[in-house]
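The values are calculated or read from the model by the stated rules, or taken from the named source; none is laboratory data. As the structure is a computational prediction, the values presented were derived from the model and not from experiment. Please note: Cβ atoms are built from the backbone with ideal geometry, for glycine as well, and neighbour counts cover all protein chains shown.
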Amino acid sequence: MSTPSVRLTALAAAIFAILCAAPARTVAAGPNPAANALPVDRDSMIFHVADLAHHVDQIVKTIAGLEKIDRAQFPAVNPLTDVGPLRTQLNDAARVWRALRQTAITESDQPSTEIADSNLALITMKRSELTRAKRTYLHALNIGQRLNDKIAAARIHSALGRICSWRGDLDDAESMHLLALDGYDRLGLLRDKARTARDLAKVYEKREDLDNAINMHRLMIAIHEQLDDDDLAYTYAGLAWVLKEKGDLAEAAEMYLQAVEHHEASGQLEPAAFDLSSAAWVYDKINDVKNSVKCYQRAIEIHLKIDQQENAADTYFNLGLFYMRRDDFNHAEETQHAA
């Protein structure tokens, strides 16, 4: 049997390997980036990094037999900025988690087996091995349900929903996410509930079921209003986009302006300017000239205020086109000169 110090080193290596996984959309490794590029979902990675941190004490106490962990033994890694060769790191992490899983099985340690299964499934997802990831998550889910671990069950249902969505199995994705949503609701985990509602909205949007997508966005808004966090503005913008796609343009414009209000209240001026441009476009489509011009002008003011000259020029150009479509060539010329 391995000594506690050896196991702690293995655990640190596993966490280091996963923390080094970059949150960018695509990370290239090796001499041929085109062959080795691996898509990474930023939100999912951050969530699972946080999940790992949550379980560290339990893993170390159970597997290594330690009462507490010396945090100084863990490398200082920023998962948002430190980028390593992702495939190599994932392979190293998988090797360590398999070893820890085998130790846990040998010692009949089901909680640690469940943790190892979940992290192995995460790694296989990141390597785009979705079928194997699904199988591993299902094994972890089986253990979690036997242990009556409701938090683990909800998180694994959520992960299975994402796998099914990535595979295009949208009906299964909906079922898994609904189970996760119900689990988080019963547990009172609002942020996880909001995240799952967002995943469900994506499933419904892929299926062009816009009514249910809108319902999920409204649920997210209600949750983020309770949490009073910065995600509320982005949630309003997401609802506005779906309403626009459905053709409910008046309400879409209203939701974009709600997003702007919350962005400005939290000092997020750049997304506020972009949402103003979106509102201007919507107002244009319903022939509300006054509000369209007003939104374009406010967007330009914000871009200039935060020294985004190129974005300001683009918005001037769009405003000029707006005037040209209405044969208002004097205003169009003035706007194009300003651009």
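Summary of computed values
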item	result
Residues being assigned to a helix (DSSP H, G or I) and surrounded by 15 or more Cβ atoms within 10 Å (Cβ to Cβ) - total across region 316-332	9
Condition check for GLU205: free of Cβ contacts under 8 Å to residues at least 60 places away in the same chain, in a helix (DSSP H, G or I), more than 21 Å from LEU181 (Cβ to Cβ) and of a type in the set (D, E, K, R)	no
Qualifying positions in region 322-338 - over 22 Å from PRO271 (Cα atoms) and under 39 Å from the mean Cα position of the chain (by Cα)	TYR323, ARG325, THR335, GLN336, ALA338
Only one of ALA313, ALA279, ALA250, ALA233 that is within 30 Å of TYR184 (Cβ to Cβ) and of a type outside the set (Val, Ile, Thr)	ALA233
Hits in region 306-325 - residues which are of a type outside the set (Ser, Thr, Tyr) and either in contact with a Cys (Cβ under 6 Å, 6 or more places away or on another chain) or closer than 20 Å to VAL282 by Cβ (or both)	ASN311, ASP314, PHE317, ASN318, LEU319, GLY320, LEU321, PHE322, MET324, ARG325
Residue count, region 259-270 (criterion: surrounded by fewer than 19 Cβ atoms within 10 Å (Cβ to Cβ) and either of a type in the set (A, V, I, L, M) or touching a helix residue (DSSP H, G or I) at 6+ places or on another chain (Cβ under 6 Å) (or both))	3
Matching residues in region 284-314 - criterion: being crowded, with 21+ Cβ neighbours inside 10 Å and either touching a His at 6+ places or on another chain (Cβ under 6 Å) or within 18 Å of GLN268 (Cα to Cα) (or both)	CYS295, TYR296, ALA299, ILE300, ILE302, HIS303, ALA312
Meets criteria (assigned to a helix (DSSP H, G or I) and farther than 30 Å from ALA201 by Cα) for TYR234	no
Selected residue (criterion: nearest to LYS244 (Cα to Cα)) from residues of region 274-315 that are of a type outside the set (Asp, Glu) and not in a helix (DSSP H, G or I)	ILE286
Residue in region 248-255 that is without any contact (Cβ under 8 Å) to a residue 12 or more places away in the chain, outside any helix (DSSP H, G or I) and loosely packed, with under 15 Cβ neighbours inside 10 Å present	no
Helices (runs of 4 or more DSSP H) fully within region 102-193 counting 1 or more residues that are basic (Lys, Arg) and either at pLDDT below 75 or under 24 Å from GLU205 (Cβ atoms) (or both)	110-126, 130-146, 150-167
